[in-house]
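Below is one structure, written out as structure tokens; comments come after it.
The values are calculated or read from the model by the stated rules, or taken from the named source; none is laboratory data. Please read all numbers here as calculations on a predicted model, not as lab measurements. Because the Cβ atoms are built from the backbone with ideal geometry, glycine has one as well, and the counts that use them run over all protein chains shown.
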Ligand SMILES: [Fe+2]
Ligand SMILES: [Fe+2]
């Protein structure tokens with residue numbers, strides 16, 4: 001594998017792994033503040049980040065002596081309002097800078113497996129940002145947002161609110177591959 005794409009996969013694995021953990025702690029904080037739907041949203045999206053990390057990880061199986069990954073995560077315990085802002089900032093960075101650049105490098109380096117993994121994450125983070133922004137608008141007014149069932153594709157992590165589609169619009173997986181957080 002080309003070294004630059006390989007490093008991007010390691011970075012993305014680290015970032016998604018820590019996003020997973022961060023969102024689980026953010027869910028716990030939302031429970032403390034009686035924002036049950038925000039907590040559920042954080043748990044669903046934490047699961048999506050776990051899927052992303054796993055997809056990147058599988059592309060790195062040639063590194064069988066192990067590798068060291070940085071998290072690139074934003075930390076600092078805070079209230080749910082602050083946590084949602086941190087989450088939106090992280091998703092925005094992934095959408096605006098990280099994944100578009102990683103996708104382009106992988107394409108130029110003909111690393112198709114890595115490119116596919118990056119594209120799956122990119123498509124998902126757009127949804128995450130929108131869901132967090134909707135949640136923050138309610139929390140800013142001191143109330144728990146209305147959130148329907150949240151569906152997460154177990155193959156690519158794609159996340160949507162509502163009923164599971166017949167096929168995942170990102171990876172084509174069948175309806176049964178969606179895990180619902182309701
Ligand atoms: Fe995300
Ligand atoms: Fe999918």
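Condition first: more than 16 Å from ligand 1 (Cβ to nearest atom) and in contact with a helix residue (DSSP H, G or I) (Cβ under 8 Å, 6 or more places away or on another chain). Can you find one or more residues in region 86-98 that meet it? There is no residue in region 86-98 that is more than 16 Å from ligand 1 (Cβ to nearest atom) and in contact with a helix residue (DSSP H, G or I) (Cβ under 8 Å, 6 or more places away or on another chain). The requirement of being within 14 Å of ligand 1 (Cβ to nearest atom), at pLDDT 95 or above, assigned to a helix (DSSP H, G or I) and crowded, with 20+ Cβ neighbours inside 10 Å is satisfied by residue 135.
Out of region 93-111, which residues are closer than 30 Å to residue 33 by Cα and either surrounded by fewer than 17 Cβ atoms within 10 Å (Cβ to Cβ) or touching a strand residue (DSSP E or B) at 6+ places or on another chain (Cβ under 7 Å) (or both)? Passing the criteria: only 93.
Residues of region 146-163 that are surrounded by fewer than 19 Cβ atoms within 10 Å (Cβ to Cβ) and either touching a helix residue (DSSP H, G or I) at 6+ places or on another chain (Cβ under 8 Å) or assigned to a helix (DSSP H, G or I) (or both): 146, 154, 155, 161. Restricted to region 9-49, and to residues there that are surrounded by fewer than 24 Cβ atoms within 10 Å (Cβ to Cβ) and not in a helix (DSSP H, G or I), the residue that is farthest from ligand 1 (Cβ to nearest atom) is 34. Would you mind finding the one in 115, 107, 179 that is modelled with pLDDT of 95 or more, within 16 Å of ligand 1 (Cβ to nearest atom) and over 14 Å from the mean Cα position of the chain (by Cα)? After ruling out the rest, the residue left standing is 179.
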